[in-house]
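*Asks:* Okay, handing you the structure first.
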Ligand SMILES: Nc1ncnc2c1ncn2[C@@H]1O[C@H](COP(=O)(O)OP(=O)(O)OP(=O)(O)O)[C@@H](O)[C@H]1O
Ligand SMILES: [Mg+2]
């Protein structure tokens, strides 16, 4: 479903814009007056279920073909669900030749912020490459910095980000990653990360046989980090989530980021607004975050937030696609992002009335 | 006559953090108070955390059940006395173990089969994981009733819609009912509900039914922080008890009918 927000001077103008941009069938799902006397309208549009007709019944979980071997059945079921989710098989011939208007439309379809969209299209054109994917990758490459986290180095990692970004899962993934390279790690929950998060982190620490500690305040954390440094142990620090755009919350946090030998890593969820994520990342950067991990990439079909995050200026360390610890940290390159943008373009485009 | 019990009630939502676990726990307790024998199953096969929410050291051995190492009745732990004594039973994986992270679709279907055979229960509440992953959707589709948890957050609307749409597709006809959680006021909850209903009506040609409203309740958040059960008198727990009442009457006639046949 497409959900968009429109600002207008009055209701009549707002409705006209909704109709023009999203079509006659769009549904208004919310509206309110703004401070300056205008209106804000939120509208939704979706194709409905026509596109997924002729689907076999999944409900009872009964095998739909008694004769087929189990592996085939599961493969079919998976294909079915993939179809239900609107994913299409990757088509090798999908990449066409470069066209600036097409690229602009593609990026807009993904709801990438306008400023970035224009910039990327311009750079892609200047690259002189005739292949769409390569031209886009080249443009992304100009603005994207990739810096995977090397858990073997001797610095503590401090995870910071808004509530619900998935910091605890990221901490677990980083620890698992380090353990795979036989590196000693310690998991630390700082600043009362919340009972649930602390318990989750602790159980996880037990499972990978890593020590676990809770640091009540900045001094305690500084001491733990220093101890880890001396013993050549990578400290991974989970913190309580907060909105980094909020000045007060930022001030409360900054004491942690100032601890010596600590690297601040921003964690943001890909589920959100592509413009807003730029603000959040900017705020994280002022807090001292040196790089970024983007979570929940599996939950989005429009990749605008990934484009925002990748081109934000803050080096991108990793992207995660699953809350499961076993599914690790992926690295996004300009080419893989360009491919993903083009591959999912057809899906993302389906719903938008251009 | 074959009584179609236990009844599987799945609690889902596309988005994370909408309150599925909080509602599942309170619902299990409230249904038990109505006299049902209830099993709460943590179907968040990745980072499960029901046991943490409930303040239990041990959540049972769901992984063992799925691996065929033990039966459902030997793998559950009793909460508040257990299903036999006015509480309910819990079946979960060790908190945060990720033990079932790669369990996959087959495991989800296998779980449904095992739960359906657990005749010691009248009701099994499934706390699904966030998202519209294949496993969650298969579990939601296999349940007898599915409840989507919606919040006023616009992202929750989009995600609950996706959840509803996929469920409709998977079952051809059965769409979820829904609960609005975490609204600041009745008005905000109604507005959220109206948006969701009108979106579904417009694009899916179907009107989901509002089962109940659970407002944002400071004592609920506090209870979770302290890993305690919701206080029985709290607004959230009363709202969830009402929802339990609605769900309960659906199984009651079946039970009576079964007893009357003699
Ligand atoms: N009605 C409510 N009032 C106040 N706080 C609430 C309410 N419902 C949920 N919460 C809080 O929201 C947070 C998320 O709730 P919960 O863990 O139940 O969500 P969930 O949907 O199960 O999350 P996940 O997707 O991670 O499984 C918890 O901290 C809980 O205390
Ligand atoms: Mg949960």
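The values are calculated or read from the model by the stated rules, or taken from the named source; none is laboratory data. It should be emphasised that the depicted structure is a prediction, and the values quoted were computed from it without experimental measurement. Ideal geometry is used to build each Cβ from the backbone, glycine not excepted, and the neighbour counts take in all protein chains shown.
*Asks:* Quick one: would you say residue A:134 is in contact (Cβ under 8 Å) with a residue 40 or more places away in the chain and over 23 Å from residue B:54 (Cα atoms)?
*Replies:* Numbers: in contact (Cβ under 8 Å) with a residue 40 or more places away in the chain: yes; over 23 Å from residue B:54 (Cα atoms): yes.
It is true that residue A:134 is in contact (Cβ under 8 Å) with a residue 40 or more places away in the chain and over 23 Å from residue B:54 (Cα atoms).
*Asks:* Does any residue of the range A:302-316 turn out to be modelled with pLDDT of 90 or more, part of a strand (DSSP E or B) and either more than 14 Å from chain B (Cβ to nearest Cβ) or within 29 Å of residue A:204 (Cβ to Cβ) (or both)?
*Replies:* Within the range A:302-316 (the criterion being modelled with pLDDT of 90 or more, part of a strand (DSSP E or B) and either more than 14 Å from chain B (Cβ to nearest Cβ) or within 29 Å of residue A:204 (Cβ to Cβ) (or both)), the answer is yes, since at least one residue qualifies.
*Asks:* Here's another thing I want to ask about it. When the residues of the range B:212-230 are filtered to those that are modelled with pLDDT of 80 or more and more than 16 Å from ligand 2 (Cβ to nearest atom), which remaining residue is nearest to the other protein chains (Cβ to nearest Cβ)?
*Replies:* Looking at the filtered set, the residue picked out is B:222.
*Asks:* Looking at (1) within 20 Å of residue B:177 (Cβ to Cβ); (2) under 15 Å from the mean Cα position of the chain (by Cα); (3) more than 16 Å from ligand 1 (Cβ to nearest atom), which one does residue B:32 not meet, given that it meets all the others?
*Replies:* Unmet for residue B:32, out of (1) within 20 Å of residue B:177 (Cβ to Cβ); (2) under 15 Å from the mean Cα position of the chain (by Cα); (3) more than 16 Å from ligand 1 (Cβ to nearest atom): (1).
*Asks:* Looking only at the range B:209-230, count every residue that is more than 8 Å from ligand 1 (Cβ to nearest atom) and touching a strand residue (DSSP E or B) at 6+ places or on another chain (Cβ under 8 Å) and tell me the total.
*Replies:* Selection size over the range B:209-230: 5.
*Asks:* So, one more: For the list (1) more than 11 Å from every other protein chain (Cβ to nearest Cβ); (2) in contact with a strand residue (DSSP E or B) (Cβ under 7 Å, 6 or more places away or on another chain); (3) touching a residue at least 12 places away in the same chain (Cβ under 8 Å), I need the number of the one condition that residue B:21 fails.
*Replies:* Going through the list (1) more than 11 Å from every other protein chain (Cβ to nearest Cβ); (2) in contact with a strand residue (DSSP E or B) (Cβ under 7 Å, 6 or more places away or on another chain); (3) touching a residue at least 12 places away in the same chain (Cβ under 8 Å), residue B:21 breaks only (1).
*Asks:* Moving on. Looking only at the range A:251-274, which residues are under 17 Å from residue A:159 (Cα atoms) and in contact with a helix residue (DSSP H, G or I) (Cβ under 7 Å, 6 or more places away or on another chain)?
*Replies:* A:255, A:256, A:259, A:261, A:262, A:264, A:266, A:267, A:268, A:270
*Asks:* Taking helices (runs of 4 or more DSSP H) that do not extend beyond the range A:188-293, which have at least 3 residues that are farther than 20 Å from residue B:17 by Cα and within 13 Å of another protein chain (Cβ to nearest Cβ)? Can you show your working first?
*Replies:* Values: elements: A:195-207, A:218-230, A:247-257, A:274-286.
Fully inside the range A:188-293 and qualifying: A:195-207.
*Asks:* Answer with yes or no whether residue B:10 is within 14 Å of ligand 2 (Cβ to nearest atom), within 14 Å of another protein chain (Cβ to nearest Cβ) and modelled with pLDDT of 90 or more. Reasoning before the result, please.
*Replies:* Numbers: within 14 Å of ligand 2 (Cβ to nearest atom): yes; within 14 Å of another protein chain (Cβ to nearest Cβ): yes; modelled with pLDDT of 90 or more: yes.
Yes, satisfied.
So that you can scan it fast, the table gives a plain yes or no per residue for (1) more than 16 Å from residue B:11 (Cβ to Cβ); (2) within 16 Å of ligand 1 (Cβ to nearest atom); (3) in contact with a helix residue (DSSP H, G or I) (Cβ under 7 Å, 6 or more places away or on another chain); (4) at pLDDT below 80:
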position: B:93; (1), (2), (3), (4): yes, yes, yes, yes
position: B:100; (1), (2), (3), (4): yes, yes, yes, yes
position: B:138; (1), (2), (3), (4): no, no, yes, no
position: B:146; (1), (2), (3), (4): no, yes, yes, no
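*Asks:* Right, here's the next one. Look at residue B:149 and say whether it is touching a residue at least 60 places away in the same chain (Cβ under 8 Å) and over 30 Å from residue A:42 (Cα atoms).
*Replies:* Against the criterion (touching a residue at least 60 places away in the same chain (Cβ under 8 Å) and over 30 Å from residue A:42 (Cα atoms)), residue B:149 does not qualify.
*Asks:* Does the range B:209-235 hold any residues that are without any contact (Cβ under 8 Å) to a residue 60 or more places away in the chain and not in a loop (DSSP other than H, G, I, E, B), and which are they?
*Replies:* B:210, B:212, B:213, B:215, B:218, B:219, B:221, B:222, B:223, B:225, B:235
*Asks:* Could you say which residue among A:190, A:137 is modelled with pLDDT of 85 or more, away from ligand 1 (no atom under 16 Å from the Cβ) and not assigned by TED's automatic domain parsing to the domain that holds residue A:262?
*Replies:* A:137
*Asks:* Follow-up. So residue B:106 clears everything in (1) surrounded by fewer than 24 Cβ atoms within 10 Å (Cβ to Cβ); (2) at pLDDT 90 or above except one condition, right? Which one?
*Replies:* Of the numbered conditions (1) surrounded by fewer than 24 Cβ atoms within 10 Å (Cβ to Cβ); (2) at pLDDT 90 or above, the odd one out for residue B:106 is (2).
*Asks:* Same structure again: Filter the range B:35-67 down to the residues that are away from chain A (no Cβ under 14 Å) and within 16 Å of ligand 1 (Cβ to nearest atom), then identify the one that is modelled with the lowest pLDDT.
*Replies:* Step by step, filter the range B:35-67, then rank; the result is B:62.
*Asks:* Given the structure, is residue B:73 within 14 Å of another protein chain (Cβ to nearest Cβ) and either near ligand 1 (Cβ under 10 Å from one of its atoms) or farther than 14 Å from residue B:123 by Cβ (or both)?
*Replies:* No; evaluated as a whole, the condition is false for this residue.
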